[in-house]
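Visitor: Once you've had a glance at the structure underneath, I'll fire off some questions.
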Amino acid sequence: MAKSNGKTALVTGSTDGVGREVALRLGRDGWRLLVHGRDRERGKEVVAAIEKAGGAAEFIAADLSALAEVRRLSDAVQQTTRRLDLLINNAGIGSGGPQGARQESADGYELRFAVNYLSGFLLARLLLPLIKKSAPARIVNVSSLGQQAIDFADVMLTHDYSGMRAYRQSKLAQILFTIDLAAELAGTGVTVNTLHPATFMNTTMVRQFGTPMSTVEEGADAIMRLAVSREMEGKTGLYFNGQREAEADAQAYDAAARQKLKALSVELAGLKTTTTG
Ligand SMILES: NC(=O)c1ccc[n+]([C@@H]2O[C@H](COP(=O)([O-])OP(=O)(O)OC[C@H]3O[C@@H](n4cnc5c(N)ncnc54)[C@H](OP(=O)(O)O)[C@@H]3O)[C@@H](O)[C@H]2O)c1
């Protein structure tokens, strides 16, 4: 039976894939889990598996393609727990394959930018007061090796759309956000890091259009290291390729680009500038 460690984690996109594996592991390690996704049946199944292993978990459904749902998720989290020691922004959608057409979120934004990046940006910002109160605490943004510089003249990819480009710019946006947030959180006891978990893990996303080359266990090992390991204590603002600290696309280290993305994200997410410091 898992002995409670008194800590609570929210793992977005933990109804499937690598997020599910990470949630199960945290549950076994004594964390109270807030399991998230859209699919209620799979959500209930993950909760049941955690409970069966002696852990504690609840499922919160929210569709991250609508900012109103992100706000609702944040409200539900704050009603459910008085502390949040770990937030893993893991939920995501793939490229949609070579024939994939451009899609928009409920708010009219390019869908991959909205689901893979903007929802996690807003969720982290809304939950920051709770996370700061729980320090030492960690945020992990699950990005990817697939990265492409954001074209600030056409962030919503209205020209020359490709699903791969959309996926890659959304994944790089997560890295820019991580570096920016880490600097903002210096001295608060909250660290934020990002990673490429593993290449072509055997998940729904990969099986849709490609051939798996690695396992969710491998990806979960890398995520768990950033989420709970002793060696990551106090380390922040870093990008990892699996277990190795690595360099992301050059745009991640361009302070002006990060500032532009932050200002745009605050505006798109409907946040007041005063809340961003
Ligand atoms: N697979 C890889 O090889 C690989 C490589 C690099 C990075 N990554 C990253 O790893 C993360 C997890 O990927 P995965 O391969 O484990 O994917 P997956 O098996 O397809 O699982 C994706 C998860 O995200 C959730 N999700 C998707 N769209 C959502 C939405 N609109 N609202 C709420 N939840 C949503 C899904 O929940 P529901 O099904 O319940 O909606 C599911 O739990 C992603 O951020 C991905 O970009 C994966």
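Visitor: Quick one: which residue in 199, 204, 191 is under 16 Å from residue 91 (Cα atoms) and in contact (Cβ under 8 Å) with a residue 24 or more places away in the chain? Spell out how you get there, then give the answer.
Guide: Working: 199 fails: under 16 Å from residue 91 (Cα atoms); 191 fails: under 16 Å from residue 91 (Cα atoms).
Every option except 204 fails the conditions.
Visitor: Pairs only if they're at least six apart or on different chains, beta carbon under 9 angstrom, first in the range 17-41 and free of Cβ contacts under 8 Å to residues at least 12 places away in the same chain and on the phi < 0 side of the Ramachandran plot, second within 15 Å of the ligand (Cβ to nearest atom) and among the β-branched types (Val, Ile, Thr); list them, first residue then second.
Guide: Sorted first by the residue in the range 17-41, then by its partner, the pairs are 41/15.
Visitor: Across the range 6-50, what is the number of residues that are surrounded by 24 or more Cβ atoms within 10 Å (Cβ to Cβ), of a type in the set (A, V, I, L, M) and away from the ligand (no atom under 11 Å from the Cβ)?
Guide: Counting residues in the range 6-50 that are surrounded by 24 or more Cβ atoms within 10 Å (Cβ to Cβ), of a type in the set (A, V, I, L, M) and away from the ligand (no atom under 11 Å from the Cβ) gives 6.
Visitor: Identify, from the list 87, 64, the residue that is crowded, with 20+ Cβ neighbours inside 10 Å, on the phi < 0 side of the Ramachandran plot and touching a strand residue (DSSP E or B) at 6+ places or on another chain (Cβ under 6 Å). Before the answer, list the steps.
Guide: Working: 64 fails: touching a strand residue (DSSP E or B) at 6+ places or on another chain (Cβ under 6 Å).
Checking each option against the conditions leaves just 87.
Visitor: Same structure, new question: Mind listing whichever residues of the range 225-263 are surrounded by fewer than 16 Cβ atoms within 10 Å (Cβ to Cβ) and not in a loop (DSSP other than H, G, I, E, B)?
Guide: The answer is 230, 231, 244, 245, 250, 253, 255, 256, 259, 260, 263.
Visitor: Could you check residue 80 against (1) buried (at least 22 other Cβ atoms within 10 Å of the Cβ); (2) more than 16 Å from the ligand (Cβ to nearest atom); (3) polar (S, T, N, Q) and say which number it fails?
Guide: Looking at each condition in turn, residue 80 falls short on (1).
Visitor: Run residue 97 past the list (1) modelled with pLDDT under 95; (2) in contact with a Ser or Thr (Cβ under 9 Å, 6 or more places away or on another chain) and report the number of the one that doesn't hold.
Guide: Every listed condition holds for residue 97 apart from (2).
Visitor: Might you check whether a residue that is farther than 25 Å from residue 206 by Cα and away from the ligand (no atom under 16 Å from the Cβ) occurs anywhere in the range 105-119?
Guide: For the range 105-119, residues farther than 25 Å from residue 206 by Cα and away from the ligand (no atom under 16 Å from the Cβ): absent.
Visitor: For residues that are in contact with a strand residue (DSSP E or B) (Cβ under 7 Å, 6 or more places away or on another chain) and under 29 Å from residue 185 (Cβ atoms), scanning just the range 98-130, find the one that is surrounded by the most Cβ atoms within 10 Å (Cβ to Cβ).
Guide: 120
Visitor: A follow-up question, please. What are the residues in the range 135-169 that are touching a residue at least 60 places away in the same chain (Cβ under 8 Å), surrounded by 20 or more Cβ atoms within 10 Å (Cβ to Cβ) and of a type in the set (S, T, N, Q), if any?
Guide: Of everything in the range 135-169, those that are touching a residue at least 60 places away in the same chain (Cβ under 8 Å), surrounded by 20 or more Cβ atoms within 10 Å (Cβ to Cβ) and of a type in the set (S, T, N, Q) turn out to be 143, 147.
The values are calculated or read from the model by the stated rules, or taken from the named source; none is laboratory data. Since the model is a prediction, treat every value here as computed from it, not as a measurement. Neighbour counts run over all protein chains shown; Cβ positions are idealised from the backbone, glycine included.
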